[in-house]
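Visitor: Have a look at this one before I ask anything.
The values are calculated or read from the model by the stated rules, or taken from the named source; none is laboratory data. Since this is a predicted model, take the numbers as computed values, not measurements. As a convention, Cβ positions derive from the backbone with ideal geometry for all residues, glycine included, and neighbour counts pool all protein chains shown.
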Amino acid sequence: MSVKTTAPPGLAKNDVTTAVGIVPAREQNAEAASGTDFAPGIDAAFPQEFAERDCALECVQGEVPDFVRGRYYLNGPARFGRDGLSYRHWLDGDGMICSLHFHENGVHLKSRYIRSTKFLREHDAKRPLFRAFGTTFEDSQLNRIKNGLESPVNISIYALGDRLLALGEQGLPWELDPETLETRGAFTFNGRLNEASPFAAHPKFDARSGEMFNFGVFFSSQAPRLYLYCFGPEGLRYRKATVLEYSCSVHDFSLSPRHAIFYLSPYLLDVDALVQKRRTVMESLDWQPERGSRLLILARSSGEPVASLPIGNRYCLHLINSFEQNDRLFVDVVEFDQPLYSEYQPIPNLFQNVARGGPVRFTIDLTRKELVDRRRISYSSAPDFPAIDPQQVMQSYEEFWMLGISATGNRGRKFFDQLVHANWNESASSDIYQSPPMRYLGGEPVFIGAPGSRDGVVICQEFDADHGQSFFLLFDARNVRRGPIARLACGQMVHFGFHAAFQRRERNAG
């Protein structure tokens with residue numbers, strides 16, 4: 001196997017072995033995990049820094065189907081400290097993109113840090129400069145306009161035409177070269193966005209209309225607003241503000257043929273505490289379930305409000321899909337008893353008290369503007385990163401995939417160790433892959449379909465803590481419980497990613 005491992009700016013060459021191999025327990029981790037350890041060895045997955053890599057992968061089990069041709073991209077935090085400072089929260093880390101190029105002669109992995117403003121300025125200063133989601137320090141800085149964090153660009157990755165965009169929370173996208181992963185710079189949509197534009201990490205795309213939608217929250221103690229953006233092939237079509245009752249943290253939204261849908265949870269951000277009292281985002285968030293949760297429905301054509309419906313007092317981080325049938329709107333989400341961000345710390349003792357949650361389908365009568373049905377699938381092991389066949393976005397569909405944590409409900413650190421294949425026609429999920437002990441899963445499960453067929457595969461990460469090795473696993477999408485049909489060995493560790501995407505190679509492409 002041909003491997004090229006390089007140290008990114010700020011990582012000395014003689015640090016590479018430690019950065020990508022098994023590392024000792026983090027020195028800053030004075031907070032021992034309480035309860036039973038359901039994730040032994042997970043410490044090794046969070047070294048202070050990962051090296052960039054460029055290598056061929058070896059298929060050590062099974063075969064990669066011939067229809068899997070193209071590039072898989074994964075974004076996630078990969079630098080968890082600098083100059084003696086160790087980050088506390090999973091969302092603190094600098095973003096790194098990992099790509100897998102599936103071609104006729106095998107699979108090639110490439111990983112590179114996103115050279116964001118934060119990354120480059122801290123490299124030049126040779127020390128931490130910016131406050132992070134869950135970590136602060138003396139003289140820590142906010143972004144240049146002092147209204148939020150300088151983004152580590154560590155959440156998601158999307159192809160936009162011939163461009164590749166990496167996104168973090170509430171900041172501009174960063175454009176990368178789709179092949180080399182070289183950072184080209186902040187992407188402003190021809191100057192229509194700037195540093196002050198709130199811009200979330202989960203844009204949505206309508207392949208038929210060629211439109212892209214996204215949102216951002218303007219956090220304010222007096223007049224919080226949610227902005228909906230609509231982009232066409234010619235550029236920004238509109239940016240429409242909707243007044244919010246309170247400054248709620250919103251991570252994701254959903255799109256149907258005529259509507260944009262937001263699950264507004266009463267998870268409030270005290271922006272004054274963040275900006276004036278020098279607190280972290282994590283310290284500035286407050287769960288107030290007594291305020292209740294709502295579904296906010298906006299018209300795609302104008303961004304104008306259509307309805308705001310009370311739906312209880314639970315929490316949603318990610319939505320699954322939305323579609324319409326006659327006068328009914330169906331909104332599918334993953335709903336939790338309480339927020340998840342507090343469970344992303346302290347590194348590496350994550351998910352110690354993670355709340356139960358599961359898939360929920362809301363049915364709304366658009367004529368009467370009423371919630372008429374709420375249906376659950378009885379899987380509650382803290383599922384996250386839900387994904388569907390991308391060809392079925394905004395359409396009636398049945399199947400989806402997500403990661404789960406089998407030890408949910410028990411006190412103690414834990415991590416994702418289940419791949420779940422669920423179906424809205426079934427009341428419970430029966431197609432579940434349980435990873436072996438000391439093997440953990442990561443990355444949004446991406447569905448790759450076989451052209452002209454319902455067949456397909458799902459790809460996600462695996463970390464073998466016993467041997468300090470990472471793999472990428474491919475599953476038969478409709479029979480995940482039988483285990484992977486192909487296992488690709490990375491040779492060393494690859495950082496756990498959050499969101500992923502697959503860009504299929506065109507038939508006439510090389």
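Visitor: From the list L91, L120, L100, pick out the single residue that is in a strand (DSSP E or B) and among the aliphatic types (A, V, I, L, M).
Guide: Being in a strand (DSSP E or B) and among the aliphatic types (A, V, I, L, M) holds for just one of L91, L120, L100, which is L100.
Visitor: If you check F502, F463, F447, F496, which single one turns out to be touching a helix residue (DSSP H, G or I) at 6+ places or on another chain (Cβ under 9 Å), in contact (Cβ under 8 Å) with a residue 60 or more places away in the chain and farther than 30 Å from D162 by Cα?
Guide: Going through F502, F463, F447, F496 in turn, just one is touching a helix residue (DSSP H, G or I) at 6+ places or on another chain (Cβ under 9 Å), in contact (Cβ under 8 Å) with a residue 60 or more places away in the chain and farther than 30 Å from D162 by Cα: F463.
Listed here are the residues, each with its yes/no results for (1) assigned to a strand (DSSP E or B); (2) touching a strand residue (DSSP E or B) at 6+ places or on another chain (Cβ under 9 Å); (3) charged (D, E, K, R); (4) modelled with pLDDT under 95.
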position: S406; (1), (2), (3), (4): no, yes, no, no
position: G412; (1), (2), (3), (4): no, no, no, no
position: S429; (1), (2), (3), (4): no, yes, no, yes
position: I432; (1), (2), (3), (4): yes, yes, no, no
position: P437; (1), (2), (3), (4): no, no, no, no
position: G443; (1), (2), (3), (4): yes, yes, no, no
position: F447; (1), (2), (3), (4): yes, yes, no, no
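Visitor: Can you list the strands (runs of 3 or more DSSP E) found entirely within the stretch 342-402 that contain at least 3 residues being touching a Ser or Thr at 6+ places or on another chain (Cβ under 8 Å) and among the charged types (D, E, K, R)?
Guide: It comes to 370-376.
Visitor: Hey, another quick one. Can you tell me which residues in the stretch 382-405 are farther than 20 Å from H251 by Cβ and buried (at least 17 other Cβ atoms within 10 Å of the Cβ)?
Guide: Correct list: D389, Y397, E399.
Visitor: Please identify the pairs in which a residue from the stretch 404-431 that is touching a residue at least 12 places away in the same chain (Cβ under 8 Å) and among the aromatic types (F, W, Y) has its Cβ atom under 6 Å from the Cβ atom of a residue that is surrounded by fewer than 18 Cβ atoms within 10 Å (Cβ to Cβ) and assigned to a loop (DSSP other than H, G, I, E, B), counting only partners at least 6 apart or on another chain.
Guide: What qualifies is W424/E398.
Visitor: Looking for whichever is closer than 30 Å to R237 by Cα and touching a residue at least 12 places away in the same chain (Cβ under 8 Å) here; the options are G358, G312, G303. Which one fits?
Guide: Criteria check complete, one pass: G303.
Visitor: So, in the stretch 118-159, exactly how many residues are of a type in the set (D, E) and free of Cβ contacts under 8 Å to residues at least 24 places away in the same chain?
Guide: Selection size over the stretch 118-159: 3.
Visitor: Could I ask something else about it? Sort out for me the strands (runs of 3 or more DSSP E) sitting completely within the stretch 164-263 that have 2 or more residues that are surrounded by fewer than 22 Cβ atoms within 10 Å (Cβ to Cβ).
Guide: 183-186, 204-206, 211-218, 225-232, 235-243
Visitor: Counting only residues that are surrounded by fewer than 22 Cβ atoms within 10 Å (Cβ to Cβ) and either touching a Gly at 6+ places or on another chain (Cβ under 8 Å) or not in a strand (DSSP E or B) (or both), how many does the stretch 313-334 have?
Guide: Matching residues across the stretch 313-334 total 4.
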